[in-house]
Ligand SMILES: [Zn+2]
Ligand SMILES: [Zn+2]
């Protein structure tokens with residue numbers, strides 16, 4: 001049994017969400033297919049109870065990889081065997097030449113094939129295994145349970161599966177698990193880098209929600225204040241225990257796990273990942289996409305997101321004081337015409353991901369390109385009264401310096417070089433990461449105002465993401 005205020009508050013928020021069907025002032029009906037979440041030491045032993053409670057019976061397929069089977073899969077299998085459940089096991093192996101399993105269509109199809117005749121699936125793992133099983137269960141139209149092995153990301157409870165399709169990583173809508181079992185004894189024995197990544201992903205709610213609100217103010221995108229408030233709660237509780245997470249305190253790990261799951265459910269209920277996936281995430285996705293080209297292994301998502309968020313936070317801080325002086329007519333006259341903008345995007349991406357995928361990216365980028373008149377209507381009010389817009393963003397925003405303090409407490413490396421990312425990749429991500437997702441962020445705003453380039457050095461200096469030795 002866990003005590004502690006932060007943990008109790010997060011668990012009660014999770015329980016409220018699981019039961020609620022909320023007709024919200026944002027115009028959407030918020031609800032979740034997730035029915036049960038257990039976060040506690042020894043939680044694996046509650047698996048049979050959960051199955052009974054959710055009326056799950058008949059044949060099941062338990063899916064893991066070699067690491068996650070060792071971490072929790074074999075214990076889960078023993079518990080289920082003792083309870084006479086009919087559970088088969090499937091260990092997913094990395095593609096030949098790879099050291100880790102990657103979420104692509106192939107393993108999803110393997111799970112679909114092996115699950116023939118099964119009533120439900122059990123995913124034992126974190127990001128990759130969970131995404132593979134989530135998508136397979138969605139395609140088979142059967143429920144799945146998620147057994148968490150690390151507090152590394154918000155994806156357990158989210159309504160999407162991140163799948164690499166060719167060179168591009170796509171966020172595919174998928175049905176979330178009916179139940180999530182997070183055994184804190186298992187999570188505590190995961191590599192500490194995974195928990196640091198979890199903090200990076202969870203703290204990203206603040207910069208991401210700022211982008212989310214920005215998109216709603218400037219482009220009229222959907223925004224829900226209720227969801228923003230829930231993810232903010234998860235973020236704040238986690239900040240309070242960042243140092244204890246780093247030292248492996250199990251209470252603090254339970255807070256982190258609950259925060260990640262709460263934020264994931266909130267995003268799922270909003271039916272968009274915008275509350276937790278802004279400009280910093282796009283930067284991270286860019287690095288993932290080009291990792292194979294650069295011949296380096298992918299970093300943990302949350303660690304890259306942390307560096308990306310430092311950049312975006314510093315960009316907000318550099319950008320805002322300049323808004324009052326901007327002449328929009330001058331901006332419009334100076335900027336690249338749409339065709340040229342698309343060509344530049346294509347030219348950058350083609351050597352990295354091939355001409356076909358680069359064409360797709362250019363199309364997405366073009367869909368965000370506002371023609372002159374549209375640009376005026378989007379930005380006139382902002383440039384007229386930047387303080388007024390800022391007063392709406394400020395409650396969501398965290399300054400770069402403060403983000404850095406939390407990251408340091410949580411043991412997150414704050415420069416790209418430590419993650420094996422070169423200065424060129426850093427610069428390219430800053431310029432081109434916003435192109436491949438139809439999501440408006442501060443990177444787009446700075447680009448539209450013709451300031452992205454101009455502010456780069458100041459932004460990198462403030463964000464302090466360049467390694468000391470190479471800093472200008
Ligand atoms: Zn709402
Ligand atoms: Zn994320």
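Okay, residues lined up against (1) outside any helix (DSSP H, G or I); (2) in contact with a strand residue (DSSP E or B) (Cβ under 6 Å, 6 or more places away or on another chain); (3) surrounded by fewer than 17 Cβ atoms within 10 Å (Cβ to Cβ); (4) in the same structural domain as residue 159 (by TED's automatic domain parsing):
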| site | (1), (2), (3), (4) |
| --- | --- |
| 27 | yes, no, yes, yes |
| 33 | yes, no, yes, yes |
| 37 | yes, yes, no, yes |
| 44 | no, yes, no, yes |
| 48 | no, no, yes, yes |
| 52 | no, no, yes, yes |
| 56 | yes, yes, no, yes |
| 63 | yes, yes, no, yes |
| 68 | no, yes, no, yes |
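For region 166-183, how many residues are modelled with pLDDT under 95 and not in a loop (DSSP other than H, G, I, E, B)?
Residues in region 166-183 being modelled with pLDDT under 95 and not in a loop (DSSP other than H, G, I, E, B): 6 in total.
Considering region 73-93 alone, what residues qualify as being touching a strand residue (DSSP E or B) at 6+ places or on another chain (Cβ under 8 Å) and not in a helix (DSSP H, G or I)?
85, 86, 87, 88, 89, 90, 91, 92, 93
Conditions first: (1) under 30 Å from residue 295 (Cβ atoms); (2) touching a helix residue (DSSP H, G or I) at 6+ places or on another chain (Cβ under 9 Å). Residue 31 passes all but one, so which condition is the exception?
(1)
Select from region 414-434 the residues that are in contact with a helix residue (DSSP H, G or I) (Cβ under 8 Å, 6 or more places away or on another chain) and in a loop (DSSP other than H, G, I, E, B) and write down the one among them that is surrounded by the most Cβ atoms within 10 Å (Cβ to Cβ).
Of everything passing the filter in region 414-434, 416 is surrounded by the most Cβ atoms within 10 Å (Cβ to Cβ).
Go through 208, 284 for me and flag whichever is within 16 Å of ligand 2 (Cβ to nearest atom), surrounded by 24 or more Cβ atoms within 10 Å (Cβ to Cβ), outside the structural domain of residue 379 (by TED's automatic domain parsing) and within 12 Å of the chain's Cα centre (by Cα).
208
In region 184-205, what residues are within 13 Å of ligand 2 (Cβ to nearest atom) and not in a helix (DSSP H, G or I)?
Across region 184-205, the qualifying residue is only 204.
Condition check ((1) touching a residue at least 40 places away in the same chain (Cβ under 8 Å); (2) within 16 Å of ligand 2 (Cβ to nearest atom); (3) within 30 Å of residue 435 (Cβ to Cβ); (4) in a strand (DSSP E or B)) across all residues:
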residue: 102; (1), (2), (3), (4): yes, no, yes, no
residue: 106; (1), (2), (3), (4): no, no, yes, no
residue: 112; (1), (2), (3), (4): no, no, no, no
residue: 138; (1), (2), (3), (4): no, no, yes, no
residue: 142; (1), (2), (3), (4): no, no, no, no
residue: 162; (1), (2), (3), (4): yes, yes, yes, yes
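Filter region 29-60 down to the residues that are over 22 Å from the mean Cα position of the chain (by Cα) and within 16 Å of ligand 1 (Cβ to nearest atom) and list them by number.
Scanning region 29-60 gives a single hit, 29.
Filter region 14-25 for residues that are away from ligand 1 (no atom under 16 Å from the Cβ) and surrounded by 12 or more Cβ atoms within 10 Å (Cβ to Cβ) and give the result.
Listed by number, the residues that qualify are 14, 15, 18.
Of (1) within 16 Å of ligand 1 (Cβ to nearest atom); (2) assigned to a helix (DSSP H, G or I); (3) surrounded by fewer than 24 Cβ atoms within 10 Å (Cβ to Cβ), residue 230 satisfies all except one. Which?
(3)
Checking residue 272 against (1) closer than 30 Å to residue 18 by Cβ; (2) within 16 Å of ligand 2 (Cβ to nearest atom); (3) buried (at least 24 other Cβ atoms within 10 Å of the Cβ), which test does it fail?
(3)
What pairs come up if the first residue lies in region 307-318 and is assigned by TED's automatic domain parsing to the domain that holds residue 411, the second is surrounded by fewer than 24 Cβ atoms within 10 Å (Cβ to Cβ) and outside any helix (DSSP H, G or I), and their beta carbons are under 6 Å apart, counting only those six or more places apart or on different chains?
318/455
Output yes when any residue across region 236-251 is crowded, with 24+ Cβ neighbours inside 10 Å, within 13 Å of ligand 2 (Cβ to nearest atom) and more than 16 Å from residue 24 (Cβ to Cβ), and no when none is.
The answer is no, given that none of the residues of region 236-251 is crowded, with 24+ Cβ neighbours inside 10 Å, within 13 Å of ligand 2 (Cβ to nearest atom) and more than 16 Å from residue 24 (Cβ to Cβ).
Does residue 263 satisfy the criteria of being in contact (Cβ under 8 Å) with a residue 24 or more places away in the chain, under 30 Å from residue 29 (Cβ atoms) and touching a strand residue (DSSP E or B) at 6+ places or on another chain (Cβ under 6 Å)?
no
Can you name the helices (runs of 4 or more DSSP H) wholly within region 250-342 that have at least 2 residues being touching a helix residue (DSSP H, G or I) at 6+ places or on another chain (Cβ under 8 Å) and at pLDDT 95 or above?
250-270, 279-294, 301-319
The values are calculated or read from the model by the stated rules, or taken from the named source; none is laboratory data. All of these numbers come straight from a predicted model, not from anything done at the bench. When we count neighbours, we look across all protein chains shown, and the Cβ atoms used for this are built from the backbone with ideal geometry, even at glycine.
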